[in-house]
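Below is one structure, written out as structure tokens; comments come after it.
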């Protein structure tokens, strides 16, 4: 199994490493381009220096993931402005927000060392430079810059290592990177994948640092061969990273997926069908729930699967409850009218939020419905994924049944199941299509008052794909074709501890079981 | 005062304050320096001698008054342009550590756009002139001794054949032997190249031995101005008299010492 996992990880390396290199190199280059002139401008001006360094330092204190996440809504707003003013929208997902965030991240060490380097030049040498008749520009370029260079390079090295590390956080905002190993690995409990991602990112940082180190010592000791070696290494590495990108060109379709196994499997399933139609496909995996829909509505991705209940309450802001078929019709109508988004149709299974307990524990407590649960809830601890407790569904359930727990804890979904097994929590927010419902022998507690909405899986198409016949032809056979048992089995294959399948493998198996081979 | 018909350097009513006008580093100073003379600016620290010197090549901009060279106001020229025509040597030397000795010496000619062969020839000539082996052109400044570095500093200052040299405690950080050596070597250069030199020093003895004329400053003003002989013979200001008495007293003591040393016991 492990060998298989390693070889799976290896096969993904070009797809993940390339954008990682491009992203890091671009962010570092941009960081240099902004920071070096800025350092020159503020080095001699203490009144300007303090606020600029303070702001750069403040940016550094924002957690990397939060900084990346912040740029998505910012760019969306900016995109609306440019669309209104100039007639084009800037992409708010993927490369651009990541590039901006990483550039900001790279700035502080370059700025700080730039200022320290420039101000550290011996004042006698500067006086001599002025005395022999250099212009201020010549003093900067011929004397200050070369003397400050080793200190500046030390800052560039720090920035490079930070940038390469922080670039792994770009996955949730839709930018493929080595972080995909880590984020998908964490979701599917594929530790080999997580480890592989960490090692790959560390190795890349190390290699970049070695080459930058050559440049640094080359500058300090004025050894030109060393410097040339470092520069050549960096250039070759970046070019090597760029070649697959140039060869591939751009993909025809971009398929989105939120951050859990079922979404990865369905994205692979749709991708295989599109490839069979002769289209090229790119994946944006691990998107945040709200990010995914906005990305689709803004044509940043072309297609993804979402769930009726999520769309109903989170996107449409509806609090009322309708019958399943009426609700689906209303969603389709609203999506078209308000967002231009096409609901291609339901896949046939539901992935609803249910409250679940271990079967024996439920039996001991005499709990089979949420009414029963409400009675014993004050003695129990509920565990949930990070979203659930802030979702309107939870409020609806809580109010309808008067649920009040002794404690509540949030987890990464995979770890949440483990917490239920070890007895850390008694009840969890589970998903009805989750493979672990069967494998861990869990019971979903009944909802007699029908307080929770339906969560039918729906294929959504981006506005610009509304009339894309090839896309529709490829995906329509999936409509109504996936029963919940088949989805559970596919999910289990990816989520289980032993003999794990990759999402791609699970998607192929699912297609085979359902005779959906393209 | 040794008058020349048209002074090469003319300082007119120059004032400079570093604290917005409460105190003056240089207060209403006027001075005329004849071509070919070596003038020493003497005074204790804070007397304003360095400020006055740096106003000549505009490393410091005065608040009031003007400096004229050959009758032309230096404020009318671009400062870098002005400085390329004036040699400048100071105690810190300030050799460029990332450039070889040859590049250091050739910097002003390079800024002036001389062709490379001409610069190389000039560097070799200057190394001979300041008594350094020619192969030192390939060395970096950190490989030289303090005295050698100051020789390079002098060579760099005179590389573009300036008519004027400004020197700020040029030999202050050197040991006495090197100092004396370099001092007399410079005086020879000054004469053979026909330069005009303004030299700041706090060492009266050095001033007396090297200069044609000594200008004594105190509190931003000139308190005495004359040949070394004249100032030693008779100075109106008691502080100046005390100052000028130092080298005389030292010379007398040394003379007595020498006399006793020569007498067999």
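Considering only residues that are touching a helix residue (DSSP H, G or I) at 6+ places or on another chain (Cβ under 7 Å), part of a loop (DSSP other than H, G, I, E, B) and surrounded by fewer than 21 Cβ atoms within 10 Å (Cβ to Cβ), which ones fall in region A:398-431?
If the condition is that a residue be touching a helix residue (DSSP H, G or I) at 6+ places or on another chain (Cβ under 7 Å), part of a loop (DSSP other than H, G, I, E, B) and surrounded by fewer than 21 Cβ atoms within 10 Å (Cβ to Cβ), then A:402, A:403, A:404, A:405, A:406, A:412 are the ones that fit.
Could you list, in sequence order, the residues of region A:455-467 that are more than 23 Å from residue A:264 (Cβ to Cβ) and under 27 Å from the mean Cα position of the chain (by Cα)?
Correct list: A:463, A:464, A:466.
Starting from residues that are assigned to a helix (DSSP H, G or I) and more than 11 Å from residue B:160 (Cβ to Cβ), keep the ones in region B:119-131 and report whichever is farthest from the other protein chains (Cβ to nearest Cβ).
The residue in question is B:128.
Might you let me know whether region B:40-58 holds any residue that is in contact (Cβ under 8 Å) with a residue 24 or more places away in the chain, touching a helix residue (DSSP H, G or I) at 6+ places or on another chain (Cβ under 7 Å), farther than 26 Å from residue B:188 by Cα and within 11 Å of another protein chain (Cβ to nearest Cβ)?
Yes: one or more hits.
Among the helices (runs of 4 or more DSSP H) confined wholly to region B:1-116, which include 2 or more residues that are surrounded by 17 or more Cβ atoms within 10 Å (Cβ to Cβ) and touching a strand residue (DSSP E or B) at 6+ places or on another chain (Cβ under 6 Å)?
B:49-56
Closer than 24 Å to residue A:445 by Cα, out of contact with any strand residue (DSSP E or B) (no Cβ under 9 Å at 6 or more places or on another chain) and not in a helix (DSSP H, G or I) - does that describe any residue in region A:329-344?
No, that holds for no residue.
Would you call residue B:154 surrounded by 17 or more Cβ atoms within 10 Å (Cβ to Cβ) and in contact (Cβ under 8 Å) with a residue 60 or more places away in the chain?
yes
For region A:75-93, what are the residues that are buried (at least 18 other Cβ atoms within 10 Å of the Cβ) and either without any contact (Cβ under 8 Å) to a residue 24 or more places away in the chain or within 20 Å of residue A:63 (Cβ to Cβ) (or both)?
A:75, A:93
Just to verify a result, which residue in region A:178-188, among those that are under 17 Å from residue A:63 (Cβ atoms) and over 9 Å from the mean Cα position of the chain (by Cα), is modelled with the lowest pLDDT?
A:186
So if I check each of B:70, B:19, which one is more than 20 Å from residue B:200 (Cβ to Cβ) and in contact (Cβ under 8 Å) with a residue 60 or more places away in the chain?
B:70
For the list (1) surrounded by fewer than 22 Cβ atoms within 10 Å (Cβ to Cβ); (2) at pLDDT below 90, I need the number of the one condition that residue B:243 fails.
Answer for residue B:243: the failing condition is (1).
For residue A:30, state whether it is in a helix (DSSP H, G or I), at pLDDT below 90 and under 27 Å from residue A:301 (Cβ atoms).
no
Just one of A:116, A:106, A:149, A:128 is closer than 20 Å to residue A:215 by Cβ, within 14 Å of another protein chain (Cβ to nearest Cβ) and buried (at least 16 other Cβ atoms within 10 Å of the Cβ); which is it? Working first, answer last.
Working: A:116 fails: within 14 Å of another protein chain (Cβ to nearest Cβ); A:106 fails: within 14 Å of another protein chain (Cβ to nearest Cβ); A:128 fails: closer than 20 Å to residue A:215 by Cβ.
Answer to the check: A:149.
Out of everything in region A:131-144 that is within 10 Å of chain B (Cβ to nearest Cβ) and in a helix (DSSP H, G or I), what residue ends up being surrounded by the fewest Cβ atoms within 10 Å (Cβ to Cβ)?
First, pick out the residues of region A:131-144 that are within 10 Å of chain B (Cβ to nearest Cβ): A:131-139, A:142-143.
Subsequent filtering for residues that are in a helix (DSSP H, G or I) retains A:131, A:136-139, A:142-143.
On the way: A:131: 25, A:136: 13, A:137: 9, A:138: 17, A:139: 20, A:142: 19, A:143: 25.
Result: A:137.
Only one residue in B:183, B:153 is closer than 21 Å to residue B:127 by Cα, within 14 Å of chain A (Cβ to nearest Cβ) and in a helix (DSSP H, G or I), so which one is that?
Answer to the selection: B:153.
Enumerate the helices (runs of 4 or more DSSP H) found wholly within region A:211-307, keeping only those where 3 or more residues are surrounded by 20 or more Cβ atoms within 10 Å (Cβ to Cβ), touching a residue at least 40 places away in the same chain (Cβ under 8 Å) and in contact with a helix residue (DSSP H, G or I) (Cβ under 6 Å, 6 or more places away or on another chain).
A:261-276
Within region A:51-62, track down each residue that is in a helix (DSSP H, G or I) and farther than 20 Å from residue A:148 by Cα.
Hits for region A:51-62 are A:51, A:54, A:55, A:56, A:57, A:58, A:59, A:60, A:61.
The values are calculated or read from the model by the stated rules, or taken from the named source; none is laboratory data. None of the values given here were measured: they were computed from a predicted structure. Every residue, glycine among them, receives a Cβ derived from its backbone with ideal geometry; neighbour counts consider all protein chains shown.
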